[in-house]
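Structure, as structure tokens:
Only the coordinates and a few stated rules stand behind these numbers; no lab work does. This is a predicted model, so every value here is computed, not measured. With ideal geometry, Cβ positions are generated from the backbone for all residues, glycine too; neighbour counts draw on all protein chains shown.
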Amino acid sequence: MFVWGTLAAVPGNMRPAQIDAMKPSSRLRPEDIARFRLRRHHLLEEPPADAVTLCRDVCGVQAQVMSAAYLQLWARNHAISKAEISHALWQTRTLVKTSLMRQTLHLIPADEFALYIAALRPSRVAQALRAMARCGVDREEGEALTPLIMDALSQAPLGRAAIAAAVRPKVSKRVRVFMENSWSMIRIPIAEGQICYGAGEGNEVVYVRTDRWLPNASRPKNKMSVTEAQCALFRKYLRAYGPATPADFSHWAGIPMQEAKALGPLLESELVDVFVDQKRCLLLREDLDELQKDAKGKVCIRLLPNFDTYLLAHHDKEHLLSKENYKRVYRNQGWISAVVLVDGEIAGVWSYKPRGKKLAVEVEPFGKLSKVTRAGIEREAGSLAAFFERELKLKIVEGRARL
């Protein structure tokens, strides 16, 4: 168990020396915080939630690798099927796939699309324009690409190559060079919420106009202000990942730290300052009672897939794993391993591979497994095999040398 320290309500005007000297009237154990987050992520045993509810409650499922997105939802509801998720994405369109936090693809509820776009638009458009500027494309030329892209998509959904082919004859040589050497051509209309991802995966990805793709109820009737939307997103983030700092939110959302820091004072009446291992964090006031509940319950053992959103919300990862195992999970080039989660802490990594009628699952624990943990891993792996409609072939490799 990694020790975070004590947690207690902290007056906002206290100096660090005063905080150090404080004897908190209420103390929370690390497992209290972990249990709170596990519950908010639907990782405890509870009535299963549908795909839209899951995406809503965890503030979006990362979908840069679509197979991992499916498994993030399976990890939170073992009864869910790939067909059910695909139906919500491509038929009812109650889920939307688009680029959001950290310029990364996510699945979010369609009825929250306007909120995410409004909160993230300014920073993401600014990032796109800076990328264009490095290629010699000025703001006017960059913004002029959007109506050309929208016109190209007016007839039907198109892939990136088809969009480029339609736009290329209508732009300057300088913009053509940028288009040939950068993937950023569509970043502005995506950041503005004018286009999103249509049906298709892998090499078949297409883009669609949101005014023709999303249900009427999903499109904004009155535009939110940036501040209003960022406050709403910060509330959602704290419900799922609190206690957390403005720096954590900035890291997770991909917005400038200056914007994240400004949200605390705006929500002062709704928040409480808490002290976590000599670090001031924020928590929704309404969640304090739940955090202080007794954390007793069954051991929570889950197999989380690559890039699971539970692993991405905080700048520091000390509450999840030790430094010696950090690189086994948070690897080079932004790759994040699939992990064995035991009561909110990472106890190992795992992988899977379909082999004929079987699903080969290999688990590499970081230490010796208890009988309870081993049994939990076996149950999880069995459910995973059922999700893939295959028979399980499980291998647990203890004591493998670390890279």
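Observations on the structure shown:
- With the simple spin-label model, which puts each label point 7 Å out from Cα in the Cβ direction, the ASP316 to ALA49 separation comes to 2.7 nm.
- The GNM of the chain, with springs linking C-alpha atoms under 10 angstrom apart, assigns the highest mean-square fluctuation among SER172, SER86, SER184 to SER172.
- Helical mean residue ellipticity (222 nm; -39500 (n - 2.57) per DSSP H run of 4+; nearest 500) of the chain: -11000 deg cm²/dmol
- Dipole magnitude of the chain about its Cα centre (Cβ charges: Lys, Arg +1; Asp, Glu -1), debye to nearest 20: 1020 debye
- Packing-based exposure ordering (other Cβ within 10 Å, fewest first) of THR309, THR94: THR94, THR309
- Using θ = phi - 60° in the Karplus curve 6.51 cos²θ - 1.76 cosθ + 1.60, the 3J(HN,Hα) couplings for the stretch 75-82 round to 4, 9, 7, 5, 8, 6, 10, 4 Hz; x is entered for Gly and Pro.
- Highest to lowest packing among 33-43, 135-145, scored as the average C-beta count within 10 Å: 33-43, 135-145
- When the Gaussian network model of the chain links Cα atoms closer than 10 Å, the mean-square fluctuations of LEU304, LEU267, LEU95 top out at LEU267.
- Potential extension, ARG374-LYS296 segment - 0.36 nm per residue separation minus Cα distance: 26.1 nm
- Within the set (1) 223; (2) 190; (3) 166, the number that volume of the Cα convex hull per residue in Å³ takes when calculated for this structure is listed as (3).
- In nm, spacing of pseudo-spin labels at TRP335 and VAL205 (7 Å Cα→C-beta vector): 1.8 nm
- Between the amide H of GLY198 and those of VAL206, TYR207, VAL208, distances stay under 5 Å, these residues lying 5 or more places away or on another chain, with hydrogens modeled in the peptide plane.
- Long-range amide H partners of VAL339 with built H, under 5 Å: LEU304, TRP350
- From phi via Karplus (6.51, -1.76, 1.60), per-residue ³J(HN,Hα) for the stretch 140-153 in Hz, x at Gly/Pro: 4, 5, x, 5, 5, 5, 4, x, 5, 5, 5, 5, 5, 8
- Comparing CYS135, SER99, GLN155 along the charge dipole axis of the chain, the residue lying farthest to the positive side is CYS135, per the Cβ-charge model.
- Net charge of the neighbourhood of LEU341, taken over other residues with C-beta under 12 Å away and scored Lys/Arg +1, Asp/Glu -1, is -1.
- Angle in degrees between helix 113-134 and the longest Cα principal axis of the chain, rounded to the nearest 10: 60 degrees
- Calculated from backbone phi, Karplus (6.51, -1.76, 1.60) coupling profile of the stretch 355-360 in Hz, x at Gly/Pro: 9, x, 8, 10, 10, 7
- Length gained when the stretch ARG134-VAL226 is fully extended (0.36 nm per residue, less Cα-Cα span): 30.5 nm
- Among GLN333, GLN72, GLN64, residue whose mean-square fluctuation peaks in a GNM of the chain (springs only between Cα atoms under 10 Å): GLN333
- From the alpha carbon centroid of the stretch 49-90 to that of the stretch 349-376 is 22 Å.
- Amide hydrogen proximity for LEU392: with H placed 1.01 Å from N in the peptide plane, the residues at 5 or more positions away or on another chain lying under 5 Å are LEU359.
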